[in-house]
Each structure stands twice: as C-alpha cells, then as structure tokens.
Amino acid sequence: MAKFVVRYGVARHLAVLSSRGGMVFDRGTKVIARTNRGLEVGEVLCEASPARLEDSEITTEGQILREMTAEDTNEQAHIETSARHEFGICRRHVDELALQMQIVDIEHLFGGERIVVYYLAEGRIDFRELVKRLAGEFQTRIEMRQIGVRDEAKLLADFGDCGKAVCCNTHLIEMPPVSMKMAKLQKATLDPTKISGRCGRLKCCLRYEYDTYVELQRDLPPIGSEVNLEKGAARVIGQEILAQQLLVEFEDSRRVLVDVADVLSVTRRGGGRAKTGN
C-alpha cells in the first residue's frame, strides 16, 4: 500500500496518508483526502519514507481518495468564498455578544463536516452561545480553536525578512520555544525589531543552528580561562564558535585572535563574560 506525506488545512497540518488501490501521486498533486477531521483538500509533498512513518509528530490516520478534479476545484473556490462570508457573520455575532476575543480565520472543510473558528483571546471565553448561533446559521459542527500569536502568523503570514515564505507556514510541524540565549550564543543582533518574526516573537530560525553552536562551543575553553600559547600565557576574553577561534589577552594587554588548535594547555577554566571591544 503506497503512503504519502500530505499537507492539508489552513493550519498546514501534515499527515501520512495511504492511497486507494495503490495509486501513485507526484509531488505537488492536489488531492481529496479523508483525514481525522473529515473530507479535505490536500497537497502531496512526497512518498512517505520509513523514517517518516515512525515520526510520532505526524498523524498516520486517513486516506487519499482521488486527485482533485475540475469539479472539486470549483467546489473549493465556492467554499473559500463562503468562508469569507462566514467570517463576517462570526465577527458580527462576537460583537453582538460582546465577547473579548478576536476572530483570526475561518476554515470550512471541503466535506462540510465542520467549520473551524480560530481566535485570539487573553483568557478563557464562554462561547457556548456563539457556537449555538453559528451552528444554527451554518447547519454544521462548529469547532472553536484558541491560538497564540505564533499560530496567527502561521495562518496569515506570507513572507519573512529573508524573502522566503515564513517557516511556520511551510515546513515546521511544531513551533519550538526560542530564547534570547540562542541569539546571544550565535552573536545575532539583540535588537528585537531585527530578530523578531511576523508574529512579533523571536524568529524560529534562531533555533536551527543553536544545537550546532552548543556542540562546537564544548571544544572551546570558556571565557575567563587561562591558557598557554607559544607566545606565552593569556586569558580567553571571547569566542568565535563557528571559526573555532579564541580572542585572548596577554599580560601586556595585547589582544589576539588565535585558533583553538594553537592552545597548548588550559591552566584554569573560567566561566565569566567577555570584555567589550576587540
């Protein structure tokens, strides 16, 4: 049985789905699939590898029913138009009920099994009356999904500062936490306006190389360490992690950038911070 990695839904979920009758699909093929949410439009990314089948973060429930037809495309366009109308209706009911929430997006599943309402809110919202109104108006199941600002960017953002499509809207399955410590270790600018993404939080890409930096830093004497070089004893005041170099200061206050391979021995390991300037 052939299996494929399929992206589906406005939140760009990933799933490993089997194909009916051993059908084979090329990358980028638009398909109609039955997922654990219902009948949906999806896009085939690739054939599922054994490693992908073992990935616990990706659901493996569902099946590709067929390649999208012209009729399916027309129906999807009609659904998207309806969703924009439903978005306005939902906002109107939220205003009438004076609910402290912001509607971000509406997702109308292809098969009509449900409408998913994505919203932002400071705390818990009693939306029972809202759901009752929407279910009566749209005659389908209403699912309310509270999201955060990162999820909002995943739903609405397009391109990042790098000029490429935002990571959260392309390949990321989950959005791991990102800290200022990661930016400091990689010597990225600490200006929040330059290292924040479309969501206003630290960019996800700050995490991509962080583990490599941590691994490489283990081979370097910590800042504050006293080392012996051919030119004499010195103290480590800075690190160039990727280049595997150290900024050292000799007793006569000379500062020199040396390769870690030039360190003959470490007489005392430190743990302080670097002095400013070179």
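The values are calculated or read from the model by the stated rules, or taken from the named source; none is laboratory data. All values reported here derive from a predicted model rather than from experimental measurement. When we count neighbours, we look across all protein chains shown, and the Cβ atoms used for this are built from the backbone with ideal geometry, even at glycine.
Inspect all residues belonging to region 47-58 and state whether any of them is on the phi > 0 side of the Ramachandran plot and not hydrophobic (A, V, I, L, M, F, W, C). No; the residues of region 47-58 include none that is on the phi > 0 side of the Ramachandran plot and not hydrophobic (A, V, I, L, M, F, W, C).
Just checking, does region 125-140 include any residue being assigned to a strand (DSSP E or B), at pLDDT 95 or above and closer than 27 Å to residue 15 by Cβ? Within region 125-140, not a single residue is assigned to a strand (DSSP E or B), at pLDDT 95 or above and closer than 27 Å to residue 15 by Cβ. Residues considered: 256, 248. Of these, the only one that is hydrophobic (A, V, I, L, M, F, W, C), more than 21 Å from residue 215 (Cβ to Cβ) and surrounded by fewer than 19 Cβ atoms within 10 Å (Cβ to Cβ) is 256.
Within region 101-139, being touching a Gly at 6+ places or on another chain (Cβ under 8 Å) and either of a type in the set (Asp, Glu) or farther than 27 Å from residue 66 by Cα (or both) holds for 107, 113, 120. Of the residues making up region 212-269, those that are under 23 Å from residue 182 (Cβ atoms) and part of a strand (DSSP E or B) are 236, 237, 238, 239, 240, 245, 246, 247.
Yes/no per residue for (1) under 25 Å from the mean Cα position of the chain (by Cα); (2) outside the structural domain of residue 32 (by TED's automatic domain parsing); (3) of a type outside the set (Ser, Thr, Tyr); (4) within 30 Å of residue 18 (Cβ to Cβ):
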| position | (1), (2), (3), (4) |
| --- | --- |
| 79 | no, yes, yes, yes |
| 84 | no, yes, yes, no |
| 88 | no, yes, yes, no |
| 93 | no, yes, yes, no |
| 98 | no, yes, yes, no |
| 114 | no, yes, yes, yes |
| 119 | yes, yes, no, no |
| 139 | no, yes, yes, no |
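Identify, from the list 135, 121, 77, the residue that is closer than 18 Å to residue 43 by Cβ and surrounded by fewer than 18 Cβ atoms within 10 Å (Cβ to Cβ). Show your work before the answer.
Values: 135 fails: closer than 18 Å to residue 43 by Cβ; 121 fails: closer than 18 Å to residue 43 by Cβ.
Being closer than 18 Å to residue 43 by Cβ and surrounded by fewer than 18 Cβ atoms within 10 Å (Cβ to Cβ) holds for just one of 135, 121, 77, which is 77.
Picking from residues in region 32-73 that are hydrophobic (A, V, I, L, M, F, W, C) and more than 22 Å from the chain's Cα centre (by Cα), the one that is farthest from residue 3 (Cα to Cα) is 70.
Considering only residues in region 17-31 that are surrounded by fewer than 20 Cβ atoms within 10 Å (Cβ to Cβ) and assigned to a strand (DSSP E or B), the one that is nearest to the chain's Cα centre (by Cα) turns out to be 30. Between 226, 174, the distinction of being among the acidic types (Asp, Glu) and under 30 Å from residue 155 (Cα atoms) belongs to 174 only. Within region 42-53, the set of residues being surrounded by fewer than 20 Cβ atoms within 10 Å (Cβ to Cβ) and outside any helix (DSSP H, G or I) comprises 43, 45, 46, 47, 49.
Just one of the numbered conditions (1) under 27 Å from residue 145 (Cα atoms); (2) modelled with pLDDT of 95 or more; (3) among the charged types (D, E, K, R) is not true of residue 71: (1). Residues that are part of a strand (DSSP E or B) and either of a type in the set (Gly, Ala, Ser) or closer than 20 Å to residue 8 by Cβ (or both) within region 75-122 comprise 104, 105, 106, 107, 108, 114, 115, 116, 117, 118, listed in sequence order. Within region 141-159, the set of residues being at pLDDT below 85 and not in a helix (DSSP H, G or I) comprises 157, 158.
Flag not set for residue 142, criterion: among the β-branched types (Val, Ile, Thr), touching a Phe, Trp or Tyr at 6+ places or on another chain (Cβ under 7 Å), crowded, with 18+ Cβ neighbours inside 10 Å and closer than 29 Å to residue 36 by Cβ. Of the residues making up region 161-200, those that are surrounded by fewer than 19 Cβ atoms within 10 Å (Cβ to Cβ), more than 28 Å from residue 216 (Cα to Cα) and in contact (Cβ under 8 Å) with a residue 12 or more places away in the chain are 170, 200.
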